[in-house]
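> Before I ask anything, here is the structure I am working with.
The values are calculated or read from the model by the stated rules, or taken from the named source; none is laboratory data. Just so we're clear, the structure is a prediction, and the values are computed from it rather than from any experiment. With ideal geometry, Cβ positions are generated from the backbone for all residues, glycine too; neighbour counts draw on all protein chains shown.
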Amino acid sequence: MRRLLLRALIGAVALTATTALPAVAATDYTQAVTQVSASQARIAFTPTTASQYVDVHYTGVPGLGQQNVRMTDNAGTWQWTVNGLSTGTVLDYWFTYEKNGPQYDTPHFSYTQGGSTTPTAAAPTFSPAGGSYATAQTVTISTATSGATIRYTVDGSTPTASSPQYTGPITVSSSQTVNAIALAAGMANSPVASAAYSIGTTSATCPTQSDTPNFGPNVHVFDPGMSAASIQAQLDADFNAQKDTQTAQFAERRVAELFKPGTYGVNDNVGFYTSVAGLGQNPDDVTINGHVTVDAFNPSDAGNATQNFWRSAENMAVNATGGDRWAVAQAAPFRRMDIRGDLQLYPASYGWASGGYIADTKVSGQTASISQQQWYTRDSSFGSWSGGVWNMVFSGVNGAPATTFPNPPETTLGTTPVSRDVPYLYIDGSGKYRVFLPSLRTNASGPSWANGSTPGTSVPMSQFYVVKAGDTAATINSALNSGCNLFFTPGVYHLNQTLNVTKANTVVLGIGYPTLVPDNGVNAMQVSDVDGVRLKGLLFDAGTTNSAALLTVGQSGSSASHASNPTSIQDVFFRVGGEIAGKATASLIVNSGNTLIDHIWAWRADHGNGGTVGWGTNTADNGVIVNGNNVLATGLFVEHYQKYEVTWNGQGGRTIFFQNEMPYDVPNQAAWMAPNGVNGYAAYKVGAGVTSHEAWGLGSYNYFNVNPSVNAYHAFEVPNNSGVRFHSLLTVSLNYQGTITHVINDTGAVTPSGTVPSNVVSYP
């Protein structure tokens, strides 16, 4: 119901759905690699039947992990040039290609720069990757070559066919280098793969950066010694530039407004791509005697707040006469706030809103949702709560209502099983900037700072590389390789290579919605399967050449446990289309176990700039794919993808709150059929082999306005066993444009007319 109240979508051209199939015979294609220069090689793939797309996947470039790119069609031959090679570099590569609708995968091939192209076994890979670890690691070695055996050494020597054979995971309990080769009949031995493990040591030290950095022109830092009038003038100028839904929603302006500790008498209206934050170590170090406000600001909003995306407030206290108003939709977190009075989550006009997310916050008065369709609150404290339309979910919230779903539609968990609040910037007593890293909490309730300072540790800004205008993927990767954390300032950053986060405990922190745009089909970011990486405050915006994935956490097949120090993905947002005609097969892939997904919005755009939206324009199969075990999602918003929007293959997964809209622009039923033959793709699919999964508070809505005859058989598709349990589910047909026959599997009534939900209290 968000966008439909404001605009109609344009019909799009049908695109035949594809289904992944096994590899096929080489009679379908020819392929070759040609050395272009001392450091470059061109991969070519010529299908015997014209393909709509060909992707090449490769490993072996020094300093890079696996790369997945959409090749360029040159008169029927698809090409891609690989850089960064030297004599003797061995590439392991393979292709994914389309043929008459379905897509196919080829076997792996090998190429040696400056040498022979005789087929070679694929080099082994290690999980977890080499790096610095505090404790012993259990290491798995694998190869992509079917039937190959692996020989390895742990003393630094080169493995041979007579070295120990790998038969199962090995324990690395002291600092050593593991070398491995793969051997297969009829193929040359693979190149030697190496992984150096430092046990009981820390990562490389970042070259010292400034503790008082220049954050650039898009960051405004306010001091209580400045006049209220001058501060207000800057806030008003920022708002006027970021306010308009018609002109600012898909513009490239980004801004952050930071308040040093003290008291301010100002009113801050918060527009698109604006982060407002206090620079104290705790929320009460910065006090606003006024308001921090989001409302239906523009005449074009027609009193609705359904497009109030991409803005945030964090880490301050607000004394707001008459209450504070935060009437937002998706991607607008409200964190670490102390509201001394009431909090209104709805527009002053009482129009529709489609939020939203609160965490680590205290509201002394009443928090009222009123016209909000859905909302999730975690680890907070309310004086009281009022309101509920379809799906209100609470975990670890003091003052939350009891579970009464579906009437009223409220679902409450007394605690949050695992949580860790976001890293945040603050100023210490000497005037230097630091980043605070809150500790992991289990079975938490209430704000982390309720009894004093938030528990955790602090890192000086001297250990952060500040990313600003002019930085490239190369300079950012150089900083990561040298052991630096990253602090992204507001801006739009185009990436011509994947950002590789390989070191444990790396922090990647953004303010002002820094936007990462992958160019030429690269994947934007790859995080290794290591402990404790923290990603916060980023917007991934798909480029115009298809990326296989925008963000991947952990290598495929990752199996290590990170229960004591998980990777966290927080206030990280994904967009395909809207500003540009983006394309990405998947937005987020999580392979690492125990990952915390804490407030994401993955959005295939249903509206935007001209020419950026349509069934065959901003193509995107999947929003989120979870392969890791024991992954927890708290606040999962995924919308409009063209196949399964969430696919959960890992064991032990849990989701607390899910909000979804199916794709609006399905041209006809034939273009949208699931592989099992039912109408449409489920919004949330749990893999058939999963035996343990639990979820609370899930809603999926349809609005098939391009063709209202389109139907989805069900919104949730799960295996039937006692270990897979769902609570508080619903479906809604917005304005009765199409239908969903069942809520989960074959259970639940068809969506009725009148934009009212079909509810299922529990399943099975």
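> Give the number of residues within the stretch 14-29 that are assigned to a strand (DSSP E or B) and either of a type in the set (Asp, Glu) or at pLDDT 85 or above (or both).
0
> In addition: Would you check if there is a residue in the stretch 633-649 being over 16 Å from the mean Cα position of the chain (by Cα), farther than 20 Å from LEU550 by Cα and touching a residue at least 40 places away in the same chain (Cβ under 8 Å)?
no
> GLN366 versus (1) in a loop (DSSP other than H, G, I, E, B); (2) farther than 23 Å from PHE658 by Cα: which is the lone unmet condition?
(1)
> Of everything in the stretch 691-748 that's within 16 Å of TRP648 (Cα to Cα) and part of a loop (DSSP other than H, G, I, E, B), which residue is modelled with the lowest pLDDT?
ASN721
> Okay, next question. What's the number of the condition THR59 fails, among (1) of a type in the set (Val, Ile, Thr); (2) over 26 Å from the mean Cα position of the chain (by Cα); (3) surrounded by fewer than 20 Cβ atoms within 10 Å (Cβ to Cβ)?
(2)
> Okay, moving on. Of everything in the stretch 704-719 that's hydrophobic (A, V, I, L, M, F, W, C) and out of contact with any Asp or Glu (no Cβ under 6 Å at 6 or more places or on another chain), which residue is farthest from ASP606 (Cα to Cα)?
Only one residue tops the list, namely VAL718.
> Condition test on VAL572, is it under 10 Å from the mean Cα position of the chain (by Cα), free of Cβ contacts under 8 Å to residues at least 40 places away in the same chain and surrounded by 21 or more Cβ atoms within 10 Å (Cβ to Cβ)?
yes
> What pairs can you find where one residue is in the stretch 312-331 and in contact (Cβ under 8 Å) with a residue 12 or more places away in the chain, the other is part of a loop (DSSP other than H, G, I, E, B) and basic (Lys, Arg), and their Cβ atoms are less than 7 Å apart, with a gap of 6+ or different chains?
Qualifying pairs under 7 Å: ALA317/ARG340; VAL318/ARG340; ASN319/ARG340; ALA329/ARG2.
> Let me ask you something else. Say whether the condition of being at pLDDT below 95 and not hydrophobic (A, V, I, L, M, F, W, C) is met by at least one residue in the stretch 538-556.
Yes, because at least one residue in the stretch 538-556 is at pLDDT below 95 and not hydrophobic (A, V, I, L, M, F, W, C).
> Same structure again: If I filter the stretch 433-471 down to residues being outside any loop (DSSP other than H, G, I, E, B) and of a type in the set (Lys, Arg), which single residue comes out as nearest to MET316 (Cα to Cα)?
By that ranking, first place goes to ARG434.
> Could I ask something else about it? Any residue in the stretch 435-444 that is polar (S, T, N, Q), within 16 Å of THR208 (Cα to Cα) and outside the structural domain of ARG70 (by TED's automatic domain parsing)?
No.
> Given the condition without any contact (Cβ under 8 Å) to a residue 60 or more places away in the chain and either assigned to a loop (DSSP other than H, G, I, E, B) or surrounded by 16 or more Cβ atoms within 10 Å (Cβ to Cβ) (or both), answer yes or no: does some residue in the stretch 425-432 qualify?
yes
> While we're looking at this one, here's another question. How many residues are free of Cβ contacts under 8 Å to residues at least 12 places away in the same chain and either within 18 Å of GLY356 (Cα to Cα) or in a strand (DSSP E or B) (or both) if we restrict to the stretch 385-424?
0
> Working only within the stretch 394-424, note down all residues that are hydroxyl-bearing (Ser, Thr, Tyr), farther than 16 Å from THR454 by Cβ and crowded, with 22+ Cβ neighbours inside 10 Å.
Answer for the stretch 394-424, where residues must be hydroxyl-bearing (Ser, Thr, Tyr), farther than 16 Å from THR454 by Cβ and crowded, with 22+ Cβ neighbours inside 10 Å: SER395, THR411.
> Would you confirm whether or not the stretch 281-288 contains a residue that is modelled with pLDDT of 95 or more, within 18 Å of PRO347 (Cβ to Cβ), out of contact with any His (no Cβ under 9 Å at 6 or more places or on another chain) and assigned to a strand (DSSP E or B)?
No: zero hits.
> Identify all residues within the stretch 532-545 that are over 15 Å from GLN570 (Cα atoms) and buried (at least 23 other Cβ atoms within 10 Å of the Cβ); write none if there are none.
ASP541, ALA542, GLY543
> Another one. Can you tell me how many residues in the stretch 223-258 are hydrophobic (A, V, I, L, M, F, W, C), surrounded by fewer than 17 Cβ atoms within 10 Å (Cβ to Cβ) and in a helix (DSSP H, G or I)?
4
> What are the pairs, 6+ residues apart or on separate chains, where a residue within the stretch 463-490 that is farther than 12 Å from CYS206 by Cα has its Cβ under 8 Å from a residue that is basic (Lys, Arg)?
Once the first residue is farther than 12 Å from CYS206 by Cα and sits in the stretch 463-490, its partners that are basic (Lys, Arg) give THR489/LYS468; PRO490/ARG254.
> Of all residues in the stretch 322-342, count the ones that are of a type in the set (Gly, Ala, Ser), buried (at least 24 other Cβ atoms within 10 Å of the Cβ) and more than 20 Å from PHE658 (Cβ to Cβ).
1
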